[in-house]
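Enquirer: Please read through the structure below; I'll follow up with questions.
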2 protein chains.
Amino acid sequence: MGYVKGLRCKECGKNYEKLPVHVCEYCFGPLEVDYDYEGISKVISRKSIQDGPPSMWRYQPLLPIDGEPQVGRYTGFTPLIEAKNLAKALGLKKVYVKNDSVNHPTFSFKDRVVSVAVTKAKEFGFDTVSCASTGNLANSVSAHAAEAGLKSCIFIPVGLEQGKVLCTQVYGTQLISVRGSYDDVNRLCSEIAGSHQWAFVNINIRAYYGDGSKSYGYEIAEQLGWRTPDNVVVPVAGSSLITKIWKAFHEFKDLGLIDKVNTKVFAAQATGCSPVSTAIKNGWDTHKPVKPDTIAKSIAIGNPADGFYGIKTVRDSGGWGEDVTDEEVIEGMKLLGETEGVFTETAGGVTVAVTKKLVEQGRIKPDELTVVCVTGNGLKTLEALDNKFAEPAVIEPNIHSFEEVYSNGITV
Amino acid sequence: MGYVKGLRCKECGKNYEKLPVHVCEYCFGPLEVDYDYEGISKVISRKSIQDGPPSMWRYQPLLPIDGEPQVGRYTGFTPLIEAKNLAKALGLKKVYVKNDSVNHPTFSFKDRVVSVAVTKAKEFGFDTVSCASTGNLANSVSAHAAEAGLKSCIFIPVGLEQGKVLCTQVYGTQLISVRGSYDDVNRLCSEIAGSHQWAFVNINIRAYYGDGSKSYGYEIAEQLGWRTPDNVVVPVAGSSLITKIWKAFHEFKDLGLIDKVNTKVFAAQATGCSPVSTAIKNGWDTHKPVKPDTIAKSIAIGNPADGFYGIKTVRDSGGWGEDVTDEEVIEGMKLLGETEGVFTETAGGVTVAVTKKLVEQGRIKPDELTVVCVTGNGLKTLEALDNKFAEPAVIEPNIHSFEEVYSNGITV
């Protein structure tokens, strides 16, 4: 019935029971899941994984649920694309794109964490799920709540992209728009969590929720043929994903599923919200909160909950942090589209553009194998591309009209 | 090296070589692929398929390419969701949703046909691919051309949804907007195909292209545990998909992969463009062209190329054709979102709403197993949902503001 022994404080090591709690009552450190790795090692192998379903649940013993998944049965195991055209454009030999823009059901990596969180919410007996979100999480919580037959109440900052708002409402949630930044919304939710007995996926369920992201790292290692890349470039918002990829790689090594972890982890941010990359560049142990101002709204978290751990992960791995302007974000989105036929949201533009910058800086070397993380879908951030392309040529429905524009030099 | 012997006229049976041709020069019938089924039967089995990749290429011997796929390596094998909540809402026991809204790379079933078509374009040595499209095909051709390193020139009717336009441009194509309906655009492309040596995926490559859709049918049968459903509800645009699902089921039976085909096939259209369902209801052998007027733009084809064959398929199977109003389309989109957490485009709203109508008519029975085809992504047709939801409650970032709206009855 699962391999979770309990929770444990990441700082002081105090143990807690399997409950919807997330902060150590002694030192205020974050709680993390304490797994029975000895038990897991008896049931997991490359073969057991390969014989599993083509979803994140092929790694079920390493995910913090006690029974079968209640939702998200088809989430994960998204393509790891060998991006030959992008590699050429970047002057690299081997580039892979881990493409969660087609993740099931709501087209971002958030479906991984929410599949776990909503399953836990059901296991704990909650009747309502909730979250603070920059958009993708809102989509995913709303969809999974619908699938689970739970109520949901979702908090977003005002001014989100239309795609992210409609793709939350269509699943029938109660959506609340807060006049403030994501960080304001998050603080508000922490308060509400004190007075309403709801499963806030990224607050009281956070310890379990976060570990859903490990599946993204497991998949990279498995899909590369049971090894980790030389470099992985990860978008940083709350800074959880970057730590979980690192954790996933090391769990695989400790379980003997891969030989070694020799990966440099790179944090990618938009310059308009770059607390983590700024801290890394300045050699700080932790980040200073910032007020976000970027088109990359899905990663516009000025005070990342796991900022300290994200910075530590990057440093421990020998990686680096970089950030790019909004113009570079758009160029990154276009570059990925034009070279690989993959349409990512602004956050994916960030990772592609940061990868380019890291290559130019010599931090990523031509002979190395690099994985670029694409965690969301371009259809959700259409606003970012407004007026970024020439209007299509408009013709009459006859061949003369076409031949006229063609001979006048539409370039095909 | 593939199992395509050549092409054959669907009407008079005349044989043709494997070339980019699509019309019989004797009787003007459409050409279809002539497979070496004896050869295929020697290499294909349930096991060979299950051991294949989690993509449409697990059925490669049954797809009309000669070498390895050149693009779309990750296309297909999308989830077949057991939709328990939707079933309950419809008063049925077993409903499955075949969900191509997460298809790779451009989030519709068109990636299946285009993966084949662009591979064929490369095999034939074309340097440019082209198509007439209502949107989804444009997205897919543009993306696959980028991946293949081919040029592309894509024709759409004016007035398409913003998501479909941007999701074509981002891949770096030459996009041409034609003042007219899809049918006008299609006629124009047939003319251009006479004077430009391009691979028009749905004209001169059509015989090969169309067979990519068979994978959608193979997957339904495999994912149901090697059997076909009692009913399948299919959106009808050009009327090709519905015939290919039927063909796929019968190929599986003829190869001994399934025991029997006892499936009623239902054609789903929007009332504002319903030539096929109208013909079926009236007992006509073929459709009368109509001028489309519906929000379901992706299936707004007034003169479907395979209308005759679609009608025949429905009739041969003992199925029926139905159509629904634009209001019902929106209700269908909402119902699927609220019950299953799946966000489909307008065409998916059509199939859900038509399914509901067929249940009410008694044509689909409660004890039967029904598959509802969802072939595209709701993020591409956001315009259809404009003003269809109440605005989110807006609050200040403090708990008093929340408790005020909460106590005033936001319903969670």
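Enquirer: Quick one: 3J(HN,Hα) in Hz for region B:278-284, Karplus 6.51/-1.76/1.60 with θ = phi - 60°, rounded, Gly and Pro as x.
Expert: Each residue of region B:278-284 in turn: 5, 4, 5, 4, 8, x, 7 Hz.
Enquirer: Find the centroid of the Cα atoms in region A:60-84 and in region B:15-66, then give the distance between the two in whole Å.
Expert: Their Cα centres are 33 Å away from one another.
Enquirer: On to the next question. For region A:11-156, what Kirkwood radius comes out of the mean inverse Cα-Cα distance, in Å? Walk me through the numbers before you get to the answer.
Expert: Values: mean 1/r = 0.0573 Å⁻¹.
Result for region A:11-156 stands at 17.5 Å.
Enquirer: Tell me the carbon and sulfur percent of the accessible area for the protein assembly as shown, rounded to whole percent, probe radius 1.4 Å. Could you put the intermediate results ahead of the total?
Expert: Working: 13510 of 28660 Å².
Of the solvent-accessible surface of the protein assembly as shown, carbon and sulfur hold 47 percent.
Enquirer: Looking only at A:TYR182, A:TYR37, A:TYR216, which one moves most when chain A is put into a Gaussian network model with springs between Cα atoms under 10 Å?
Expert: With Cα springs under 10 Å in chain A, the top fluctuation among A:TYR182, A:TYR37, A:TYR216 is at A:TYR37.
Enquirer: Still on this structure: Over the alpha-carbon set of the protein assembly as shown, divide Rg by the Kirkwood Rh and report the Rg/Rh ratio to two decimals. Write down the numbers at each step before the final one.
Expert: Working: Rg = 25.9 Å, Rh = 27.0 Å.
We get a ratio of 0.96 for the protein assembly as shown.
Enquirer: Please give, to one decimal in nm, the separation of the simple spin-label points placed at B:ASP230 and A:LEU255, each 7 Å out from Cα toward the Cβ.
Expert: Modelled inter-label distance: 4.1 nm.
Enquirer: Determine how large the accessible area of A:TRP320 is when every protein chain is in place; take a 1.4 Å probe and give Å² rounded to the nearest 10.
Expert: Accessible surface of A:TRP320 is approximately 60 Å².
Enquirer: Report D for region B:265-312 in µm² per second (integer): Stokes-Einstein, Kirkwood Rh on Cα pairs, 4 °C, 1.567 mPa s.
Expert: Values: Rh = 10.5 Å.
D, rounded to a whole number, is 123 µm²/s.
Enquirer: From the phi of every residue in region B:308-323, what ³J(HN,Hα) in whole Hz does the Karplus formula 6.51 cos²θ - 1.76 cosθ + 1.60 yield, where θ is phi - 60° and glycine or proline is x?
Expert: Going residue by residue, I get 4, 6, x, 4, 4, 4, 4, 5, 4, 7, x, x, 7, x, 9, 9 Hz, with x marking Gly and Pro.
Enquirer: Bin by bin, in steps of 5 Å, what percent of the Cα pairs in region B:291-344 do you find, going until the bin that has the longest distance?
Expert: 4, 16, 17, 19, 19, 17, 7, 0
Enquirer: What value in Å³ per residue do you get for the convex hull of the alpha-carbon atoms in region B:138-190? Show your work: numbers first, answer last.
Expert: Values: hull volume 3.6 nm³, N = 53.
Per residue, the Cα convex hull of region B:138-190 comes to 67 Å³.
Enquirer: Between B and A, buried accessible area summed over both sides at probe 1.4 Å, in Å² to the nearest 100? Can you show the working numbers first?
Expert: Values: alone 17560 and 17540 Å², together 28660 Å².
Counting both chains, the buried surface is close to 6400 Å².
Enquirer: With a 1.4 Å probe and every protein chain left in place, work out the accessible area per residue of chain B in Å², rounded to a whole number.
Expert: Details: 14330 Å² over 412 residues.
With all protein chains present, chain B gives 35 Å² per residue.
Enquirer: Testing the spin-label approximation: label points 7 Å from Cα along Cα→Cβ at A:ASN398 and A:GLU68. State their distance in nm.
Expert: Roughly 6.4 nm, to one decimal.
Enquirer: Take the Cβ-Cβ distance between B:ILE410 and B:LYS93 as r, set R0 to 30 Å, and report the resulting FRET efficiency rounded to the nearest 0.05. Show your work: numbers first, answer last.
Expert: Numbers: r = 35 Å, r/R0 = 1.17.
The computed FRET efficiency comes out at 0.30.
Enquirer: Taking each residue of A:175-186 in turn, how many C-beta atoms of other protein chains fall within 10 Å of its C-beta, and what is the average? Kindly include the intermediate steps, with their values, before the conclusion.
Expert: Working: counts 6, 10, 5, 9, 6, 4, 1, 0, 1, 3, 2, 1.
Per residue, the average neighbour count from other chains is 4.
Enquirer: Let me ask something additional. Any idea what log10 I(q)/I(0) is at q = 0.29 Å⁻¹ for region A:71-112, Debye with uniform C-alpha scatterers and no solvent?
Expert: Ignoring solvent entirely, the Cα scatterers give -0.87.
Enquirer: Tell me, what is the percent relative contact order of region A:257-412, built from C-alpha pairs under 8 Å that lie six or more residues apart? Walk me through the intermediate numbers first.
Expert: Values: 227 pairs, mean separation 31.4, N = 156.
Across region A:257-412, relative contact order equals 20 percent.
Enquirer: Regarding region B:75-182, what whole-number volume in Å³ per residue does the convex hull of its Cα atoms give? Working shown, then result.
Expert: Values: hull volume 12.9 nm³, N = 108.
It comes to 119 Å³ per residue, whole-number rounded.
Enquirer: Let me ask you something else. Once amide H atoms are built 1.01 Å from N in the peptide plane, which residues 5 or more positions from B:LYS18, or in another chain, come under 5 Å H to H?
Expert: B:LEU7
Enquirer: With just the Cα atoms defining each centre, how far is region B:345-360 from region B:173-247? Give it in Å.
Expert: Going from one Cα centre to the other spans 21 Å.
Enquirer: Return the subset of B:LYS356/B:LYS380; A:LYS244/A:LYS264; A:LYS264/A:LYS356 for which the Cα-Cα distance in this structure is over 18 Å, preserving the input order. Intermediate results must be reported in sequence, preceding the final value.
Expert: Values: B:LYS356/B:LYS380 24 Å; A:LYS244/A:LYS264 14 Å; A:LYS264/A:LYS356 16 Å.
Too far apart for the 18 Å limit: B:LYS356/B:LYS380.
Enquirer: Looking at the square roots a ≥ b ≥ c of the eigenvalues of the Cα gyration tensor of region B:123-222, which shape do they give, rounded for a/c under 1.5, prolate if a/b is larger than b/c, or oblate? Spell out each step's value before the answer.
Expert: Numbers: a/c = 1.39, a/b = 1.22, b/c = 1.14.
Rounded.
Enquirer: What accessible area, in Å² to the nearest ten, does a 1.4 Å probe give for B:PHE124?
Expert: My reading of the accessible area for B:PHE124 is about 60 Å².
Enquirer: Rounded to the nearest 10 degrees, what's the angle between the helix A:346-360 long axis and the longest principal axis of chain A, both from Cα atoms, 0 to 90?
Expert: That helix lies at roughly 80 degrees to the long axis.
Enquirer: What list of ³J(HN,Hα) values in whole Hz, one per residue of region B:41-52 in order, does the Karplus curve 6.51 cos²θ - 1.76 cosθ + 1.60 (θ = phi - 60°) give from phi, with Gly and Pro shown as x?
Expert: 5, 7, 10, 10, 7, 3, 5, 4, 5, 5, 7, x
Enquirer: Give me the three principal axis extents of chain A from the C-alpha atoms, as integers in angstrom, largest value leading.
Expert: Principal extents (largest minus smallest coordinate, Cα): 74, 47, 45 Å.
Enquirer: Taking region B:84-241, how many lysine pairs are there with alpha carbons less than 25 Å apart, if each pair must be eight or more places apart or span two chains?
Expert: Final tally of qualifying lysine pairs is 20.
Enquirer: At 7 Å along the Cα-to-beta-carbon direction for both A:LYS5 and B:LYS281, put a label point, then send me their distance in nm to one decimal.
Expert: The answer from the label model is 6.7 nm.
Enquirer: Where the label is 7 Å out from Cα toward Cβ, how close does A:LYS281 come to the same position in every other copy, in nm, shortest first?
Expert: Once sorted, the set of distances for A:LYS281 reads 6.4 nm.
Enquirer: Treating region A:166-278 as a set of equal point scatterers at the Cα positions, no solvent, please give the Debye-formula log₁₀ I(q)/I(0) at q = 0.11, 0.13, 0.19 Å⁻¹.
Expert: -0.51, -0.68, -1.07
Enquirer: Right, here's the next one. Can you list, shortest first in nanometers, how far B:ARG179 lies from the same residue in the other copies, with each label 7 Å from Cα toward Cβ?
Expert: Spacings between copies for this position, smallest first, are 4.7 nm.
Enquirer: Which parts of region A:66-89 would a label at B:GLU82 reach, counting a residue when its backbone N lies under 18 Å from a point 7 Å out along Cα-to-Cβ?
Expert: What the label zone holds, given the 18 Å backbone N cut-off, is A:67-75.
Enquirer: Follow-up question, since we're still on this one. Provide the FRET efficiency to the nearest 0.05 for the A:GLU327-A:GLU368 pair, computing r from the beta carbons and using R0 = 25 Å. Please list the in-between numbers first.
Expert: Numbers: r = 27 Å, r/R0 = 1.08.
Efficiency, from the Cβ-Cβ distance: 0.40.
Enquirer: Right, here's the next one. Distances from A:PHE389 to the same residue in each other copy, label points 7 Å out along Cα→Cβ, in nm, shortest first?
Expert: Reported distances to equivalent positions: 2.5 nm.
Enquirer: What residue among A:GLU391, A:GLU331, A:GLU68 shows peak mean-square fluctuation when chain A is described by a Gaussian network model with Cα springs under 10 Å?
Expert: A:GLU391
Enquirer: Assuming a viscosity of 1.567 mPa s and a temperature of 4 °C, what translational diffusion coefficient in µm² per second does Stokes-Einstein assign to region A:298-402, Rh being the Kirkwood radius over Cα pairs?
Expert: On the way: Rh = 16.0 Å.
In µm²/s, the coefficient rounds to 81.
The values are calculated or read from the model by the stated rules, or taken from the named source; none is laboratory data. The structure displayed is predicted, hence computed values, not measured ones. Heads up, the Cβs are rebuilt from the backbone with ideal geometry, glycines too, and the neighbour counts pull from every protein chain shown. Remember, those area values only see protein heavy atoms, side chains included, never the ligands or the DNA or RNA. Shrake-Rupley method; radii C 1.70, N 1.55, O 1.52, S 1.80 Å.
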